[in-house]
Amino acid sequence: MNDVDLGIWGKLTRAILVLLVAAAMVAIVTMYYPLLKQNERMRQVVYHLDTQIQQERALEKQFGYAIESMSKDPRSVERLAREKLGYAKPGETVIRFEEAGGVQTTPLR
């Protein structure tokens, strides 16, 4: 086969083809870059919301146990009234300790 040397035109043609391919790659990256960034932001939001859902479910479980305890065990209600409200049974002495943040009550038995 005879290889015909076209001189500068063959080299220019190859250079133009390489530049066209490079320009197409840059155009594709430019078009999809904002979508990739948006996808990354949305994934971060989803991760944050999933973490928040897990925290809320743990809190829901904790409140469920507290509700069940209050509805089924009268001693829990009595203990809560003593701790939070400072109530005592007749004949008991309540000693109150003051802290910088507020008043805490502790009944004696």
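The values are calculated or read from the model by the stated rules, or taken from the named source; none is laboratory data. A quick note: this is a predicted structure, and the numbers were derived from the prediction, not measured. All accessible areas refer to the heavy atoms of the entire protein, side chains included, with ligands and DNA or RNA removed. Shrake-Rupley method; radii C 1.70, N 1.55, O 1.52, S 1.80 Å.
Can you tell me which lysines have their Cα less than 21 Å from the Cα of LYS61? Leave out same-chain residues fewer than eight positions away.
LYS72
When N is the residue count of the chain, what does its C-alpha Rg come to as a fraction of 2.2 N^0.38 Å?
Compared with the compact-globule rule of thumb, the chain sits at 2.85.
In degrees from 0 to 90, rounded to the nearest 10, what is the angle of the helix 74-85 Cα long axis to the longest principal axis of the chain?
That works out to roughly 90 degrees.
Given a 1.4 angstrom probe, I'd like the percentage of the accessible area of the chain that is carbon and sulfur, rounded to a whole number.
C and S atoms contribute 63 percent here.
Taking the chain as a Gaussian network, Cα atoms linked when under 10 Å apart, which of THR30, THR93, THR13 shows the biggest mean-square fluctuation?
Taking springs between Cα atoms under 10 Å, the residue moving most is THR13.
Kindly express, to the nearest 10 degrees and within the range 0 to 90, the angle between helix 8-72's C-alpha long axis and the longest C-alpha principal axis of the chain.
It is inclined by approximately 10 degrees.
Give me the 1.4 Å probe accessible area per residue for the chain, excluding ligands and nucleic acids, in Å².
Value returned for the chain: 96 Å² of accessible area per residue.
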